[in-house]
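Contents: one structure, followed by commentary.
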Amino acid sequence: MDGAYLAVARVRKPHGLKGEVVVWTLTDEPERLLEAGRQLVPVDEAGRAIDSPVVIERSRPYHRQWLVKFRDVEDRTVLESWRQRLFGVPREELTPPEDGEMYLHEVAGTTVLVGGEQVGVAREMIEIPGGLLLAVDLNDGREALVPFRRPIVRRVDRQAREIELDPPEGLLEL
């Protein structure tokens, strides 16, 4: 069963000497969900709390990421141990996905279609500096990494758990 929280940020690394960390945001609403005073809960991949909540003291955009300072957390050794740690908020505090969207944690196991035919199953989303890649386990046992953006991604159906692609010729053969 999924946990009570959804991850909204993943710690990349400590930044500087003032107790800040660089985080990847996993939400379209970082300004709201990473604002000062917001309580975040360390969570596992399933959204279950794994440690005590922390409170954001301050945050700001930093290139394509965010810098976050947590209240009463100054020790760089502690921050180093938080690399790759996920932080979440209660599900009910998030804006539900709109039509054609799904939460990142829902992608794994989603059917991937090309031209109406199943070509594989989505395994995960991979964050790279240029955006997101959809890792697909193809029916023939190979893996494909597909840029997750239009016009390649034609349709996302959360209810049917389907992602329909229109890949450029040869993309799935690489």
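What to note about this one:
- Hey, Val43 over 23 Å from Glu92 (Cα atoms) and either at pLDDT 95 or above or buried (at least 19 other Cβ atoms within 10 Å of the Cβ) (or both) or not: no
- On inspection, Arg12 does not qualify as touching a Lys or Arg at 6+ places or on another chain (Cβ under 6 Å) and either not in a loop (DSSP other than H, G, I, E, B) or not β-branched (Val, Ile, Thr) (or both).
- Scanning region 153-170 for residues that are of a type in the set (A, V, I, L, M, F, W, C) and surrounded by 15 or more Cβ atoms within 10 Å (Cβ to Cβ) returns Val153, Val156, Ile163, Leu165.
- Scanning region 68-84 for residues that are in the same structural domain as Lys18 (by TED's automatic domain parsing), surrounded by 15 or more Cβ atoms within 10 Å (Cβ to Cβ) and within 18 Å of the chain's Cα centre (by Cα) turns up at least one hit.
- Every pair of residues 6+ apart whose Cβ atoms lie under 9 Å, when the first sits in region 1-29 and is crowded, with 18+ Cβ neighbours inside 10 Å and modelled with pLDDT of 90 or more while the second is small (Gly, Ala, Ser) and part of a loop (DSSP other than H, G, I, E, B): Tyr5/Gly47; Leu6/Gly47; Ala7/Gly47
- Top-ranked residue of region 146-166 - restricted to ones that are touching a helix residue (DSSP H, G or I) at 6+ places or on another chain (Cβ under 9 Å) and in a strand (DSSP E or B), ranked as farthest from Thr110 (Cα to Cα): Pro147
- Asp72 vs. criteria under 26 Å from Glu124 (Cβ atoms) and part of a loop (DSSP other than H, G, I, E, B): no
- Filter result for Leu40 (more than 25 Å from Thr77 (Cβ to Cβ), in contact (Cβ under 8 Å) with a residue 12 or more places away in the chain and not in a loop (DSSP other than H, G, I, E, B)): no
The values are calculated or read from the model by the stated rules, or taken from the named source; none is laboratory data. Computed from a predicted structure; not experimentally measured. With ideal geometry, Cβ positions are generated from the backbone for all residues, glycine too; neighbour counts draw on all protein chains shown.
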